[in-house]
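In what follows, a structure is listed as structure tokens, so that the remarks can point back to it.
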Amino acid sequence: MSTPPPGTRVRFEHVSKSYGHVAVLHDIELEAPGGMTTCIVGPSGSGKSTLLRCANLMERPQAGRILLDDLDITAPGVNIDKVRTRVGMVFQHFYLFSHLSVLDNVSLALRKVRSMQRDQAEAVARAKLLAVGLNGLEGRRPADLSGGQQQRVAIARSLAMEPEVMLFDEATSALDPELVKGVLAVMRDLARAGMTMIVVTHEMRFAREVAGQVVFVDSGRILEQGPPDDFFDHPRHPRLRHFLEQVL
């Protein structure tokens, strides 16, 4: 049996980002290995979401570069739309079109961006909805779904584009506690399937169970990173020790 190709890796090389005179990211050096889940944790306002948004060029760093494998996506002239087909992103809020059905929400980008015929786009959309446990709900509107179901529609929409990398920005933080489990289950399945994922999360149990590496960001700097067991059981940086005492 042939070995499957490794997933796409993401590298941040000396990445810095400011808004005016406010520095948000300071000389970030990080590699998210292909086929692995990298969880990013830290206090609110520490720059985690900004780092994630730089990875699909929703934000542009002022210094440094970001690479998908060997492609420098921050280089001048890079096709941003093409980059975003390779890097899917799921946000804290769902951003679904309220006037469209679940099926149309998932298939729309396939028709508009990938120029698929409707029948083909809908077939792909149905398959992705099945994968996230939403088969049978294709005709409903977002308002008829729970928050957890809406977030799974958003995940299916991103997966339909066949991305090489998935970014999750606090994907469960807007959900009621009883709805979190279903979304995390979908993310666990993606991790087991070998999807390269970078996950900003406050779900420490998920990070311990699923991540290949966990990264602690505070005040725009990476203070510590490592395998989950070392990260949670033997934290070295005093700021990380204090953070874990508050959240565990």
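The values are calculated or read from the model by the stated rules, or taken from the named source; none is laboratory data. Computed from a predicted structure; not experimentally measured. No Cβ is skipped: glycine too gets one built from the backbone with ideal geometry, and neighbour counts run over all protein chains shown. These area figures cover heavy atoms from the full protein model, side chains too; ligands, DNA and RNA do not enter into them. Shrake-Rupley method; radii C 1.70, N 1.55, O 1.52, S 1.80 Å.
Less than 22 Å apart at the alpha-carbon level, and either on another chain or at least 8 residues along: which lysines does that give for LYS112?
Candidates past the 8-residue exclusion: LYS82, LYS128.
Under a Cβ-only charge scheme (Lys and Arg +1, Asp and Glu -1), can you give me the dipole magnitude of the chain about the Cα centre, in debye to the nearest 20?
On the way: 29 positive and 29 negative charges, 116 e Å.
Rounded to the nearest 20 debye, it is 560 debye.
Eigenvalues of the Cα gyration tensor times 5, then square-rooted: what semi-axes does that give for segment 117-172, in whole angstrom, largest first? Let's see the in-between values first.
Working: eigenvalues 63, 56, 13 Å².
Those come to 18, 17, 8 Å.
Rounded to the nearest 20 debye, what is the charge dipole size of segment 91-147 about its Cα centre when +1 sits on each Lys and Arg Cβ and -1 on each Asp and Glu Cβ?
Values: 8 positive and 5 negative charges, 33 e Å.
With only Lys, Arg, Asp and Glu charged at Cβ, the dipole is about 160 debye.
Taking N as the number of residues in segment 85-230, what is its Cα Rg relative to 2.2 N^0.38 Å? Display every interim value, and only then the final one.
On the way: Rg = 15.8 Å, N = 146, 2.2 N^0.38 = 14.6 Å.
Computed over Cα atoms of segment 85-230, the ratio equals 1.08.
Select from MET116, ASN135, LEU240 the residue farthest towards the positive end of the dipole of the chain; place +1 on Cβ of Lys and Arg, -1 on Cβ of Asp and Glu, and compute about the Cα centre.
The listed residue farthest towards the positive side: MET116.
Mind checking the log10 I(q)/I(0) for segment 1-101 at q = 0.13, 0.14, 0.19 Å⁻¹? Debye, one equal scatterer per Cα, no solvent, two decimals.
The Debye formula, applied to the Cα set alone, gives -0.54, -0.62, -1.03.
Taking the Cα centre of the chain as the origin and placing charges on Cβ (Lys, Arg +1; Asp, Glu -1), which of LEU223, LEU71, VAL83 is farthest toward the positive end of the dipole?
Value: VAL83.
Just how many % of Cα pairs in segment 124-206 lie over 14 Å apart, if you round to the nearest whole percent?
Numbers: 2111 of 3403 pairs.
Considering segment 124-206, 62 percent of its Cα-Cα pairs are separated by more than 14 Å.
In whole percent, and with a 1.4 Å probe on the protein chains, what portion of the accessible area of segment 98-248 is carbon and sulfur? Write down the numbers at each step before the final one.
Values: 3280 of 7090 Å².
Of the solvent-accessible surface of segment 98-248, carbon and sulfur hold 46 percent.
For segment 31-100, which chymotrypsin sites (Phe, Trp or Tyr not before Pro) are both in a DSSP coil and crowded by at most 14 other Cβ atoms within 10 Å?
Values: sites: PHE91, PHE94, TYR95, PHE97; in loops: PHE91, PHE94, TYR95, PHE97.
Taking segment 31-100 and a limit of 14 other Cβ atoms within 10 Å, the loop chymotrypsin sites (Phe, Trp or Tyr not before Pro) found are TYR95, PHE97.
More than 26 angstrom separation, counting every C-alpha pair in the chain; what % is that? Don't skip to the end; give the middle numbers.
On the way: 12372 of 30628 pairs.
In whole percent, the long-distance tail amounts to 40.
Take every Cα-Cα pair in segment 8-61 and report what % of them are more than 19 Å apart. Could the numbers behind the result be given before it?
On the way: 357 of 1431 pairs.
Of all Cα-Cα pairs in segment 8-61, 25 percent lie more than 19 Å apart.
Using the Kirkwood radius over C-alpha pairs as Rh, can you work out the diffusion coefficient of segment 197-238 via Stokes-Einstein at 37 °C, viscosity 0.692 mPa s, in µm² per second? Before the final figure, lay out the partial values.
Working: Rh = 10.6 Å.
The estimated diffusion coefficient comes to 308 µm²/s.
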